[in-house]
1. Please go through segment 98-112 and pick out each residue that is among the charged types (D, E, K, R) and in contact with a Ser or Thr (Cβ under 7 Å, 6 or more places away or on another chain).
2. Can you name every residue in segment 36-59 that is open to solvent by less than 50 Å² (accessible area, probe 1.4 Å) and not polar (S, T, N, Q)?
3. Are any of the residues in segment 78-89 surrounded by 14 or more Cβ atoms within 10 Å (Cβ to Cβ), at pLDDT 85 or above and under 25 Å from Arg25 (Cβ atoms)?
Amino acid sequence: MKTTVPCYYHLDVEVSPERVGQVSRILAAHLRHWDLENLVESVCRGTEMLLHAIDEHATDKNTSIEMWWNGQHLITAIGDHDRALRPDQELRGCLEHIAASSDGWGCCAAETGSRVIWFSRRARAGERVPLVPTAPDPRLSEGLDLPRVLSVAQLAGLVRTPAGLLEAAR
């Protein structure tokens, strides 16, 4: 089974209708690179909905997107830089969708006074793409000499002195 390596990705973007699709493709590529193909659709859909809502309602279009993969959960966070944006009013539809399609979600204030909306998805080890062993290539293998064969009687007689055993085996 493949061992899990924690992963992190950060993207700063100025949201526009054209950029939403580009951001979605970038996030999907990172998820595929991390072998999380089964999370691509739900993560990209939630991110697209939030970015469209930010584009429609926010005055400051600068947004930060982060993804963390810890081996069991993928956490996606979208931070806007607009203090006037009200998640309880303008983003209600997005938040309802995210709550229904994710394992956990939340909204918290950042140090700058803006908000960070995050959601997590669980990915079990059995859902990941398994490694496929490759067959050895006979052209690349080296032949090794077989070790000398010593009988048990010979080894039993030489057990008293380990240094002598090594010398006799040569």
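1. Going residue by residue through segment 98-112, those that are among the charged types (D, E, K, R) are 103, 111.
Result: Asp103, single match.
2. Leu36, Leu39, Val40, Val43, Cys44, Gly46, Leu50, Leu51, Ala53, Ile54, Asp55, Ala58
3. Yes, because at least one residue in segment 78-89 is surrounded by 14 or more Cβ atoms within 10 Å (Cβ to Cβ), at pLDDT 85 or above and under 25 Å from Arg25 (Cβ atoms).
The values are calculated or read from the model by the stated rules, or taken from the named source; none is laboratory data. The structure displayed is predicted, hence computed values, not measured ones. Cβ coordinates were reconstructed from backbone atoms using ideal geometry, including for glycine residues, and neighbour counts include every protein chain displayed. Heavy atoms of the whole protein, side chains included, go into the accessibility calculation; ligands, DNA and RNA do not. Shrake-Rupley method; radii C 1.70, N 1.55, O 1.52, S 1.80 Å.
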